[in-house]
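Chemist: Let me begin by handing over the structure; questions about it come next.
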Amino acid sequence: MPSEPPFISVIIPVYNDPRGIRMTLDAVIDQTYPKAAYEVLAVDNGSTDDTQDVIRSYEEQYPDLVQLLVEDEVQGPAAARNTGVAESEGSILAFIDADMTVEETWLEHAIASMESNDWDYMGCNVEIYVEDGKDTLTAKYNQIFGFPIQKYIEEQQFSGTGCLFTRREVFDEVGNFDERLFSGEDQEFGNRVYDAGFGQHYQPAITMYHPARSSLTSLLKKHFRLGRGRAQMQRYHPSRVKKPSVLNPRNYLPPHPIRFYKSVTEVATLTWTEVILLFFIAYMKRLTSTAGWAYEHFGEGD
């Protein structure tokens, strides 16, 4: 007789994104994996809009599958994910971000890969797509640079948590995500997993879909947050990151023009005007990240 499938906990942190959580819930409840063998934990991080109401509507419609959890004491995706982990019952935890979508075979194929390979920690491929009516240069930039999960795993020993599968034993061994980090908690957690001796693997056959950021303001806000997270990593985990000098010109100089040109034209057909504007976006992104780092480093973020 075939063995019982492992019980899976799908954990989705969300903050003020009713449309995004609806997209993701629609995708994760429509799976070929047996309904009795997984749960969906949507963790609201203190939203001030109708995000919780959206989740409750799914909870009422799928009471044996979807559960609303609330983490409103600590702001940040790390705290939300930790709440999901604490309330979960699965032997394997599947993390996905609100606004991401997956195919109906996502869980079935991902768990088959984890089980057949006896993997403990697996990152998946993330494909960036442009939504209708949002084909901006910022969206094109996001598509080009995207989420290089394979590079993250092979060179920096972590997977982004929006596309991560891991066994519960990993959390039992290394602990939870560091809630002090405004961002970068996925890297810090992955580095602890690597240090503990767990294998880390990239599975290109499992694709998850993420809409491109089409707004330059939204992109820059993200990188300001990443800059703050980098400063927090230096504060709380100084051995894991190099401490940059505020006087280092690299923090303020634009990208290398020739290398940038090659990197964008190798993957996309662009006009010279588009290349120049994308270069400007890349430079703004670097300056904004540096500003976020300085904001946190010099105490304003405390």
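Chemist: Tell me yes or no: at least one residue of the stretch 231-238 is buried (at least 17 other Cβ atoms within 10 Å of the Cβ), at pLDDT 95 or above and part of a loop (DSSP other than H, G, I, E, B).
Modeler: No, the stretch 231-238 contains no residue that is buried (at least 17 other Cβ atoms within 10 Å of the Cβ), at pLDDT 95 or above and part of a loop (DSSP other than H, G, I, E, B).
Chemist: Restricting to the stretch 195-214, count the residues that are part of a loop (DSSP other than H, G, I, E, B) and surrounded by fewer than 17 Cβ atoms within 10 Å (Cβ to Cβ).
Modeler: Selection size over the stretch 195-214: 3.
Residue-wise test of (1) open to solvent by 70 Å² or more (accessible area, probe 1.4 Å); (2) without any contact (Cβ under 8 Å) to a residue 60 or more places away in the chain; (3) of a type in the set (Phe, Trp, Tyr).
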site	(1), (2), (3)
Trp272	yes, yes, yes
Leu277	yes, no, no
Tyr283	no, yes, yes
Tyr295	yes, no, yes
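Chemist: When you look at Thr290, is it in contact with a Phe, Trp or Tyr (Cβ under 7 Å, 6 or more places away or on another chain) and not in a loop (DSSP other than H, G, I, E, B), yes or no?
Modeler: yes
Chemist: Only residues that are of a type outside the set (Lys, Arg) and free of Cβ contacts under 8 Å to residues at least 24 places away in the same chain: list them for the stretch 37-71, please.
Modeler: Scanning the stretch 37-71 gives Gln52, Ser57, Glu59, Glu60, Gln61, Pro63.
Chemist: Out of Arg180, Arg225, Arg192, I need the residue that is within 14 Å of Gln156 (Cβ to Cβ) and open to solvent by 30 Å² or more (accessible area, probe 1.4 Å). Which one?
Modeler: When all the criteria are applied, what remains is Arg192.
Chemist: In the stretch 105-129, which residue that is among the aliphatic types (A, V, I, L, M) and open to solvent by 10 Å² or more (accessible area, probe 1.4 Å) is farthest from His210 (Cα to Cα)?
Modeler: The extreme case among them is Ala112.
Chemist: Working only within the stretch 157-170, note down all residues that are in contact (Cβ under 8 Å) with a residue 60 or more places away in the chain and either buried (at least 22 other Cβ atoms within 10 Å of the Cβ) or in contact with an Asp or Glu (Cβ under 9 Å, 6 or more places away or on another chain) (or both).
Modeler: Across the stretch 157-170, the qualifying residues are Thr161, Gly162, Cys163, Leu164, Phe165, Thr166, Arg167.
Chemist: Moving on. State which residue is farthest from Arg22 (Cα to Cα) when the search covers only the stretch 190-217 and only residues that are in contact (Cβ under 8 Å) with a residue 40 or more places away in the chain and out of contact with any strand residue (DSSP E or B) (no Cβ under 8 Å at 6 or more places or on another chain).
Modeler: The extreme case among them is Asn191.
Chemist: With the condition kept exactly as written, say whether any residue in the stretch 184-191 is outside any strand (DSSP E or B), over 18 Å from the mean Cα position of the chain (by Cα) and not aromatic (Phe, Trp, Tyr).
Modeler: Taking every residue of the stretch 184-191 in turn, none turns out to be outside any strand (DSSP E or B), over 18 Å from the mean Cα position of the chain (by Cα) and not aromatic (Phe, Trp, Tyr).
Chemist: Right, something else. Would you be able to say whether some residue in the stretch 5-28 is in contact (Cβ under 8 Å) with a residue 24 or more places away in the chain, in contact with a Phe, Trp or Tyr (Cβ under 9 Å, 6 or more places away or on another chain) and on the phi > 0 side of the Ramachandran plot?
Modeler: Taking every residue of the stretch 5-28 in turn, none turns out to be in contact (Cβ under 8 Å) with a residue 24 or more places away in the chain, in contact with a Phe, Trp or Tyr (Cβ under 9 Å, 6 or more places away or on another chain) and on the phi > 0 side of the Ramachandran plot.
Chemist: If you don't mind, another one. Among the residues of the stretch 95-112, how many are within 14 Å of Tyr33 (Cβ to Cβ) and not in a loop (DSSP other than H, G, I, E, B)?
Modeler: Of the stretch 95-112, the ones within 14 Å of Tyr33 (Cβ to Cβ) are 96, 102-112.
Checking which are not in a loop (DSSP other than H, G, I, E, B) leaves us with 96, 102, 106-112.
Adding up the residues that qualify gives 9.
Chemist: Name every residue in the stretch 239-270 that is open to solvent by less than 70 Å² (accessible area, probe 1.4 Å) and either more than 15 Å from Lys140 (Cβ to Cβ) or in a helix (DSSP H, G or I) (or both), in order of residue number.
Modeler: Of everything in the stretch 239-270, those that are open to solvent by less than 70 Å² (accessible area, probe 1.4 Å) and either more than 15 Å from Lys140 (Cβ to Cβ) or in a helix (DSSP H, G or I) (or both) turn out to be Val241, Pro244, Ser245, Val246, Asn248, Asn251, Pro254, Pro255, Phe260, Ser263, Val264, Thr265.
Chemist: Right, next: Test of understanding: among Glu173, Glu154, which residue is in contact with a Phe, Trp or Tyr (Cβ under 9 Å, 6 or more places away or on another chain), farther than 24 Å from Leu219 by Cα and surrounded by 14 or more Cβ atoms within 10 Å (Cβ to Cβ)?
Modeler: Glu173
Chemist: For the stretch 96-129, which positions are among the polar types (S, T, N, Q) and without any contact (Cβ under 8 Å) to a residue 60 or more places away in the chain?
Modeler: Correct list: Ser116 only.
Chemist: Can I ask one more? Residues that are open to solvent by 40 Å² or more (accessible area, probe 1.4 Å): find the strands (runs of 3 or more DSSP E) completely inside the stretch 1-94 holding 1 or more of those.
Modeler: Filter on the stretch 1-94 gives 66-70.
Chemist: Here's something else I'd like to know. Could you give every pair whose Cβ atoms fall below 6 Å, whose first residue belongs to the stretch 240-251 and is within 23 Å of Arg192 (Cβ to Cβ), and whose second residue is at pLDDT 70 or above and outside any loop (DSSP other than H, G, I, E, B), counting only separations of at least 6 or pairs across chains?
Modeler: The qualifying pairs are Arg240/Asn191; Val241/Met233; Val241/Gln234; Lys243/Gln234.
The values are calculated or read from the model by the stated rules, or taken from the named source; none is laboratory data. These numbers were taken from a predicted model, which means no experiment stands behind them. No Cβ is skipped: glycine too gets one built from the backbone with ideal geometry, and neighbour counts run over all protein chains shown. To get the accessible areas, we keep the full protein, side chains included, count just its heavy atoms, and leave off ligands, DNA and RNA. Shrake-Rupley method; radii C 1.70, N 1.55, O 1.52, S 1.80 Å.
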